[in-house]
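Since the structure comes first, as structure tokens, the remarks are kept for the end.
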Amino acid sequence: MSRVDVSTEIIIDCPLEKVAHYSANPDNVPDWYVNIQSVEWRTSPPVEIGSQIAFVANFLGRKMAYTYEIVTLTNESLVMRTAEGPFPMETSYTWQAISDSSTRMILRNRGEPSGFSVLMTPLMKLMMRRANQKDLQRLKQVLEVQ
């Protein structure tokens, strides 16, 4: 089976705590994710292990709706997974302090497409990498002006 594993990273000139707090909050996602149109809590906030959040996205010209469940949440990482639809996905954020005022954030998406999505895997990888780079650039802009 064709596997997707896309990892991108950026240095944000903000403390780790600020980057992690902002990026881990699903309510902020539409402000920095290019393709996310809406976010809806399926469980009550705040984010914790077991939280479920529904996202509506537009990717490769298609509207996609999916629900992520938070499976890992620490001061250094967040991992969320979905098993529904033609493209079960895991998204992870990793935050590493470079200094007291600078943070490396790594955004990683991985999953195993099935059905028609398998044929689109090479294009999906390319488009995901581009979207993730735009998302991280937008996150950097949002956080560095706050």
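Please treat every number below as a calculation from the coordinates, not as lab data. Everything quoted here is computed from the prediction, not taken from an experiment. Every residue, glycine among them, receives a Cβ derived from its backbone with ideal geometry; neighbour counts consider all protein chains shown.
Just a few scattered comments:
- Couplings 3J(HN,Hα) for segment 12-25, derived from phi with the Karplus relation 6.51 cos²θ - 1.76 cosθ + 1.60 (θ = phi - 60°), are 10, 7, 8, x, 3, 4, 5, 5, 5, 4, 6, 6, 7, 8 Hz, where x marks Gly and Pro.
- Against the rule of thumb 2.2 N^0.38 Å, how large the Cα Rg of the chain comes out: 1.01
- Counting every other Cβ atom within 10 Å of each residue's Cβ, Trp95, Trp32 order from fewest to most as Trp32, Trp95.
- For a straight C-alpha distance cut-off of 20 angstrom, the aspartates and glutamates reachable from Lys18 (same-chain residues fewer than eight places away being disregarded) are Glu9, Asp27, Asp31, Glu48, Glu76, Asp100, Asp135, Glu144.
- Applying 1/(1 + (r/R0)^6) with r as the Cβ-Cβ distance of Ser99 and Arg129 and R0 = 30 angstrom yields a FRET efficiency of 0.65.
- Candidate aspartates and glutamates - alpha carbon under 16 Å from Lys63, same-chain residues fewer than 8 apart omitted: Glu40, Glu84
- Charge context of Ile11, other residues only, Cβ under 13 angstrom, K/R +1, D/E -1: -1
- Computed 3J(HN,Hα) for segment 135-146, one whole-Hz value per residue from the Karplus formula 6.51 cos²θ - 1.76 cosθ + 1.60 where θ = phi - 60°, is 4, 5, 4, 5, 4, 4, 4, 4, 6, 6, 9, 6, glycine and proline marked x.
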